[in-house]
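Participant: There's a structure below that I have some questions on.
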Amino acid sequence: MRCIIQEKGSGERILSIDFFQKVGENGKHGTSSVKPDPTTRRPSFALRENPMRIIAFGDIHTSLSEVRNIPGVETADLIILNGDLTNYGSRHDVKKILNEIMTINLSVYAQIGNLDHYDINTYLDELDINLHGQARLFQGKVCCIGIGGSNITPFRTPVEFSEEELTAIGDKAWSSSSLRKHCIIPSSPLS
């Protein structure tokens with residue numbers, strides 16, 4: 001995900017969020033980056049003050065070797081960890097991961113992925129950095145609603161939800177948000 005700020009003639013700033021992934025020359029994940037089509041940016045909304053710099057990533061699976069190489073990670077206003085922080089890990093594993101990431105940037109919020117055990121969700125709640133099933137307002141202008149885990153898979157991973165459960169989690173968080181028109185919703189891909 002990449003955020004782009006555009007300045008309109010009226011001085012109004014527009015934040016556009018592009019979703020893309022790194023794909024190698026042979027179509028596999030890896031070396032080169034697929035450029036997003038600027039005509040399909042979504043969602044867009046006006047920011048009347050200083051824009052937020054948001055970096056979101058997931059699927060760390062306990063590997064932090066490349067985090068420091070993410071451009072702007074040290075100075076971003078918000079880091080969103082979008083699940084799969086561990087590989088079937090526990091609160092002890094995620095504590096090490098969060099400690100390392102928070103040496104880079106303290107503005108971290110996270111949610112569980114399907115390969116994280118559910119006690120990690122409780123730990124994120126205890127730290128007050130959990131996004132799963134919640135709406136959070138950042139800098140008084142951007143709302144983030146988290147939907148962690150994944151839909152049901154044939155692999156029986158630790159945190160899976162039915163489509164109905166995922167909808168209920170999102171609906172509950174959405175109904176608690178007062179700034180709905182300025183929301184970003186990090187979640188696992190749904191089928």
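Any read-out appearing in this document is the output of simple, stated calculations on the displayed coordinates, not a laboratory observation. Keep in mind that this is a model prediction, so the values were computed, not measured. Here the Cβ is made from the backbone with ideal geometry for all residues, glycine too, and neighbour counts use every protein chain on show.
Participant: Could the peptides 62-69, 104-111, 90-97 be put in order, highest first, of the mean number of other beta-carbon atoms found within 10 Å of their residues? Walk me through the numbers before you get to the answer.
Facilitator: Numbers: 62-69: 11.5, 104-111: 19.8, 90-97: 16.2.
Descending mean neighbour count gives 104-111, 90-97, 62-69.
Participant: Express in nm, to one decimal, how much length is gained between Glu66 and Asp171 on full extension, taking 0.36 nm for each residue of separation and deducting their alpha carbon distance. If you can, show how the numbers build up before the last one.
Facilitator: Values: separation 105, 0.36 × 105 = 37.80 nm, distance 3.42 nm.
34.4 nm is the gain from fully extending Glu66 to Asp171.
Participant: Could you tell me the calculated FRET efficiency between Arg156 and Arg53, based on Cβ-Cβ distance and R0 = 30 angstrom, to the nearest 0.05?
Facilitator: In this case the efficiency is close to 0.20.
Participant: Moving to a separate point now. Ranking request for peptides 74-82, 164-172: highest mean number of other beta-carbon atoms within 10 Å first, then the rest in descending order.
Facilitator: Highest to lowest by the protection proxy: 74-82, 164-172.
Participant: Over region 57-191, what is the percentage of antiparallel beta bridges among all DSSP beta bridges, to the nearest 5?
Facilitator: Close to 25 percent.
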